[in-house]
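Rule-based calculations on the coordinates, nothing more; no lab input. Small disclaimer: the values here were computed from a predicted structure and weren't measured. A quick note on method: Cβ atoms are made from the backbone with ideal geometry, for glycine too, and the neighbour counts reach across all protein chains shown.
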Amino acid sequence: MSAARSALMFALLPLFAGCQLVPMSSNDSKVSTAGMIRMQGTLSGDGGKLFFAPCNEQRRYAVTDKGNTGVLQEAASVVDKNGKAFADVRGNFVASKAQGSDGQADIYQLYRVERPSGACEDPNFKRLTIHASGNGPKWNLNASGKGLVLEREGKEPFAVPYMEEQMPEGRFNLITDANNQHVELYVAPLRCVDPSNGSVQHLTAELRVNGQVQRGCAYFGAMRND
């Protein structure tokens, strides 16, 4: 276990007492997130509490995992050398002057958690509906209301319009046929870990290009919050 992870785990010991690692959401106690706020920021532990600081802000909120997302354990798995992790979450944020914080963050959905690496400054996030990526070889897909862009290692970027098909149990796929390429992206609401960097995302993805299959992880961009 790294020193940074050990430090965060130690800071959060009172919270881990009696806890179990659970999926990123629990279907048995699913609560509608309509009307809740989505935020990105930094997670850190202090004095047995987990705190969330929104991107480019000085405020920090004391975190309560109301949606059983497993955010405490997930954060501990990806912290950097300073004991911090980037998180993309949805919940209720209530301002108050509680001791040691600027308010309370009740988290109901975890979209992704990863090591801090400039995610707060991602210029693409605000215009995307979904981002998906994988390895072996490396691939990256960004979809927005204007179309999708597929980048694959050793190949030219591929920008085309697409159609979306809804499927049962929250699954969906993106389909396009252009430039003699048949591209499909199958997405399912299942916890996914990127083995290249340890990031945890709330969707699994399967990319098919002319029948060739590659797997990876995905998360919703700012233009999609379901």
Hey, can you tell me all the residues within the range 162-203 that are among the acidic types (Asp, Glu) and part of a strand (DSSP E or B)?
-> GLU164, GLU165, ASP177, GLU184
Please verify whether the range 59-66 includes one or more residues that are crowded, with 19+ Cβ neighbours inside 10 Å and within 30 Å of ARG152 (Cα to Cα).
-> no
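Condition check ((1) among the small types (Gly, Ala, Ser); (2) exposed (fewer than 15 other Cβ atoms within 10 Å of the Cβ); (3) in contact with a Cys (Cβ under 9 Å, 6 or more places away or on another chain)) across all residues:
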| site | (1), (2), (3) |
| --- | --- |
| PRO137 | no, yes, no |
| GLY145 | yes, yes, no |
| LEU150 | no, no, no |
| VAL160 | no, yes, no |
| GLU169 | no, yes, no |
| PRO195 | no, yes, no |
| SER199 | yes, no, yes |
In the range 174-200, residue farthest from THR129 (Cα to Cα) [restricted to those that are among the charged types (D, E, K, R) and over 21 Å from the mean Cα position of the chain (by Cα)] | ASP177
Strands (runs of 3 or more DSSP E) completely within the range 92-152 that count 1 or more residues being more than 28 Å from LYS49 (Cβ to Cβ) | 128-134, 139-144, 147-152
Candidate set: the range 118-135, residues that are small (Gly, Ala, Ser) and within 18 Å of TYR186 (Cβ to Cβ); chosen: the one surrounded by the most Cβ atoms within 10 Å (Cβ to Cβ) | ALA132
